[in-house]
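The values are calculated or read from the model by the stated rules, or taken from the named source; none is laboratory data. Here the structure is a predicted model, which is why all the values come from computation and not from measurement. Glycine gets a Cβ as well: all are built from the backbone with ideal geometry, and neighbour counts include every protein chain shown.
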Amino acid sequence: MNTTTIQADSDGSPLILSDGAVNQLKKLVEAEGNTALMLRIYITGGGCSGFQYGFEFDETTNDDDLKIEKDGVSVIVDTMSLQYLNGAEVRFQEDLTGAQFVINNPNVSTTCGCGSSFSI
C-alpha cells in the first residue's frame with residue numbers, strides 16, 4: 001500500500017487538526033469500539049456553491065490517500081480532494097445549529113449561507 005502517513009503537527013502537514021476535532025474523533029472511535037476507524041474527508045461536486053465537503057468513517061486506506069495522525073486518531077484524504085484542502089483546519093463545532101466537523105479553508109473564495117458548499 002502506498003498511503004503516505006504524516007503527523008498533523010509537522011511542518012509538512014497540509015491539514016491542521018484542532019484539539020477539539022481530535023478529542024471528538026477519539027470519543028466517536030471509542031463509542032464505535034473500533035480503533036481502526038479513521039475520518040475520511042473528501043470533496044464532491046455539487047451544493048449551491050460548486051463543491052461540498054464530505055465526512056465518513058473508513059477502516060481502509062487507498063493507494064492515493066494521505067493519512068494524517070494526531071494523538072492516536074487518523075484522518076484520511078484522497079489526493080484529488082487534498083488539492084482543495086491544502087492549508088485547511090478541521091474543527092469540531094457545537095452551537096445552536098448542532099454539532100459537526102467543519103473546515104476552515106483558506107482556499108475558498110465563496111461559500112453558501114450554511115457553509116457546507118464552496119467555490120475556489
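Descriptive notes on the structure:
- Restricting region 30-46 to residues that are surrounded by fewer than 17 Cβ atoms within 10 Å (Cβ to Cβ) and farther than 17 Å from Gly72 by Cβ, the residue that is modelled with the highest pLDDT: Thr44
Residue-wise test of (1) part of a loop (DSSP other than H, G, I, E, B); (2) of a type outside the set (A, V, I, L, M).
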residue	(1), (2)
Ser13	yes, yes
Ala21	no, no
Gln24	no, yes
Leu28	no, no
Ala31	no, no
Thr35	yes, yes
Leu39	no, no
Thr44	no, yes
Gln52	no, yes
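- Number of residues in region 53-68 that are farther than 13 Å from Pro14 by Cβ, under 13 Å from the mean Cα position of the chain (by Cα) and either surrounded by fewer than 18 Cβ atoms within 10 Å (Cβ to Cβ) or basic (Lys, Arg) (or both): the value is 5.
- Residues in region 79-120 that are assigned to a strand (DSSP E or B), at pLDDT below 80 and either surrounded by 13 or more Cβ atoms within 10 Å (Cβ to Cβ) or among the aromatic types (Phe, Trp, Tyr) (or both): 4 in all.
- For region 54-76, the tally of residues that are assigned to a strand (DSSP E or B) and under 19 Å from Gly20 (Cα atoms) stands at 12.
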